[in-house]
Every structure is written in C-alpha cells, then in structure tokens.
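Take a look at the structure set out below.
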Amino acid sequence: YYTNGVKLSWISPDLNDYAESDKLPDWSLPYIRRLPFINEPGLQRNIGLSMGQNMYTPWDISREDLIEYDRPYAGWGYFGISFHSKSEHRLDSMEIQLGIVGPESFAEQTQTFVHRLAGTQCPKGWDNQLKNEPGLAVAYERKWRLFQAGTVGGLAFDTIPHLGGVLGNVYTYANAGMEARLGWNIPKDFGTSLIRPAGDFNAPVKVRGLFPSGNHEFSLILFASADGRAVLHDIFLDGNTLTESHSVDKRHFVANAAVGVSLITHRLKLSYARVLQTKEFKEQPDNQSFGSLTFSFFW
C-alpha cells in the first residue's frame, strides 16, 4: 500500500527563456531547447527543482516474514528537475527524476522514526524490501484551463483536464484526468494535484495577475478530481528490474478520485484532499483511501 509520500519543490519566477535562470549550466541549454512540448515561442517558462521520498508496505506490518500474496516493502528517494511552458489556458510540464529504490532510499529509517515518535508499532518486515536499484523517470503532462464561468473576484467555476505519461524503470504509464473547481476568487493557475511526476507543479500564469480581482487577501476553493492510469510497469509491484525480488500481479488500470479544499491568503496556499484509489494489484483485497496535504508559498 502507498504508505507515505513527501515532496519538496521549488519553482522559479516567470522566465522568457530558460537561459535567464541561474540554476542551469550553460552547457545544458542546447539540450533543453531540443526537448519537445516545452519550447514553444512566446510562452512563459519556469524551471522546477524537487526532492522527495515515497514508501510502500504490505497491509500487515507486524509480520517479519515475506508475505507472498501482498506487495513488497519498497522505498523511492529521488531528485527532480522540471521544465514548464505556459499560456493563459495551457501548461506543458516535463520532469526528469533520478533516484534510488531500495534500502538507500532510507524509507525504512523514516517510517521507523515516525512510528517511534508517534508511539505506534514499528514495521518489522523491511528486511524483505526491494533491493537497491538506480531509478529514472521521465514524465510529461499537459493541462488546460477550460469552461471558466462566474464573476470576477466572486464565485466562479472552472475545469482543468490533463493528459500525460511517464517512461522509465520506476514507472511506465499513460494517464488522463480532470479537476473541477468551485470557489471564491479562483486564481489563474492550474489546480491542485496529488504527488506524481510532472503533475504536481502548479505554476500560475502570472504571479502579479494571479487573482482575477487583483486581491491577494483571500481565496477559498472546493475541488474534485479524477485520474486514470494505464500501467505498463511499476517497480513497486513488479519488483526489481536488475535482480530477482518479490513481486505481485499488478492491475494494468488504476484510477483515483479526490475531493478537497484549498485556502489561499497572503500568498500562502494550504490544500487538503481525501483520495480514493482503486486496487493496484490482483491480490489486493480493497481499494485504498488516504489524505494529501499541500502547503505552498508564492511571490
């Protein structure tokens, strides 16, 4: 089961060209300009940097033995760089994640520390986790802001469909979905997404023109979203690519639905969503439900 995911992200101010950023070495610019989808002339650009950790465990963490019918223990620690190109109604994002699956992700230490801090039972089966393996994920996603209705600075509604995919030895899948928002003073951005490659960046079109009313004081938004994935490969279910390991029979289609609320005040944004995800592998007895909390600061 997806037990925990944490991701810290930074996104640059708006750029007319990626060369304006001091985060990129000069030698990388010719290669970046050849990347598809994110170099359309005349659009705003952003660069993102991130680091994160995901962890996965079987249902019964009190057992020390290998549970053959349940998913493996696994951790994924990574760094990411992303490139974004956007207009008023479209956002193209490409992200490259590099990291490691296995003990060197330090997922075992993180989970054990949190459980001890909370005074709950520590997991006992991490000796059965996937082995160390370098990981690469290259992701692309496009979002659109469509069907906007309402009053400027007042009650409004919009929809944000998305389409994308990921290629690599960690994940390989195609995904599509949509978010609908209803609220007061909805910002001109691209919604609130769960942690996923290339999909969880939310660059506003223009920070100075983020809110239709020009009022930065307050925004309250209710949102609902859905996403479906056609999964070709998932290392956390299929097991290690380069060596033998425990695995389970994955399902090739996984969907999730979420409902939540976002509060924006004085350039701070706090979002909470409740997520329902369908079964990821054939032996999984039930769907999974979990919460997602996002904190953002923009300038």
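Taking (1) of a type outside the set (A, V, I, L, M, F, W, C); (2) within 30 Å of residue 282 (Cα to Cα); (3) not in a strand (DSSP E or B) in turn, residue 52 satisfies each apart from (3). Taking the stated definitions as given, is residue 245 in contact with a Lys or Arg (Cβ under 9 Å, 6 or more places away or on another chain) and within 23 Å of residue 133 (Cβ to Cβ)? It is true that residue 245 is in contact with a Lys or Arg (Cβ under 9 Å, 6 or more places away or on another chain) and within 23 Å of residue 133 (Cβ to Cβ). In the condition set (1) modelled with pLDDT of 55 or more; (2) in contact with a Ser or Thr (Cβ under 6 Å, 6 or more places away or on another chain); (3) farther than 18 Å from residue 277 by Cα, residue 219 is compliant with all but (2).
Is it the case that segment 282-289 has a residue that's modelled with pLDDT under 95, more than 20 Å from residue 235 (Cα to Cα) and surrounded by 15 or more Cβ atoms within 10 Å (Cβ to Cβ)? Looking for residues that are modelled with pLDDT under 95, more than 20 Å from residue 235 (Cα to Cα) and surrounded by 15 or more Cβ atoms within 10 Å (Cβ to Cβ), one finds none in segment 282-289, hence no. Note on segment 15-33: among residues that are in a loop (DSSP other than H, G, I, E, B) and either at pLDDT 90 or above or of a type in the set (Phe, Trp, Tyr) (or both), the one that is surrounded by the most Cβ atoms within 10 Å (Cβ to Cβ) is 24.
A residue that is out of contact with any Ser or Thr (no Cβ under 7 Å at 6 or more places or on another chain), modelled with pLDDT of 90 or more and among the β-branched types (Val, Ile, Thr) can be found somewhere in segment 64-78. Say we look at segment 146-160 and pick out the residues that are assigned to a strand (DSSP E or B) and touching a residue at least 40 places away in the same chain (Cβ under 8 Å); which of these is nearest to residue 262 (Cα to Cα)? The selected residue is 156.
Residues are listed down the side, and each one gets a yes or a no for (1) touching a strand residue (DSSP E or B) at 6+ places or on another chain (Cβ under 6 Å); (2) surrounded by 14 or more Cβ atoms within 10 Å (Cβ to Cβ):
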| site | (1), (2) |
| --- | --- |
| 223 | yes, yes |
| 227 | yes, yes |
| 239 | no, yes |
| 245 | no, yes |
| 248 | yes, yes |
| 255 | yes, yes |
| 265 | no, no |
| 275 | yes, yes |
| 278 | yes, yes |
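Per the conditions (1) modelled with pLDDT of 80 or more; (2) under 19 Å from residue 277 (Cα atoms); (3) surrounded by fewer than 22 Cβ atoms within 10 Å (Cβ to Cβ), the sole criterion not satisfied by residue 162 is (3). Among the residues of segment 161-184, those identified as polar (S, T, N, Q) and either assigned to a strand (DSSP E or B) or out of contact with any Asp or Glu (no Cβ under 8 Å at 6 or more places or on another chain) (or both) are 172, 175.
Condition check: modelled with pLDDT of 95 or more, aromatic (Phe, Trp, Tyr) and farther than 30 Å from residue 16 by Cα. Does residue 56 satisfy that? Talk me through it step by step, then tell me what you get.
Working: modelled with pLDDT of 95 or more: yes; aromatic (Phe, Trp, Tyr): yes; farther than 30 Å from residue 16 by Cα: yes.
When the stated conditions are applied, residue 56 passes them.
Just one of (1) touching a Pro at 6+ places or on another chain (Cβ under 6 Å); (2) at pLDDT 75 or above fails for residue 152. It is (2). Quick one: is residue 170 surrounded by 21 or more Cβ atoms within 10 Å (Cβ to Cβ), touching a helix residue (DSSP H, G or I) at 6+ places or on another chain (Cβ under 6 Å) and closer than 30 Å to residue 248 by Cα? Yes. Among the candidates 224, 203, the residue that is aliphatic (A, V, I, L, M), under 22 Å from residue 179 (Cα atoms) and modelled with pLDDT of 95 or more is uniquely 224.
The values are calculated or read from the model by the stated rules, or taken from the named source; none is laboratory data. Note that the coordinates shown come from a computational prediction; the quantities given were computed from them, not determined experimentally. So basically every Cβ, Gly included, is an ideal-geometry build from the backbone, and we count neighbours across all protein chains shown.
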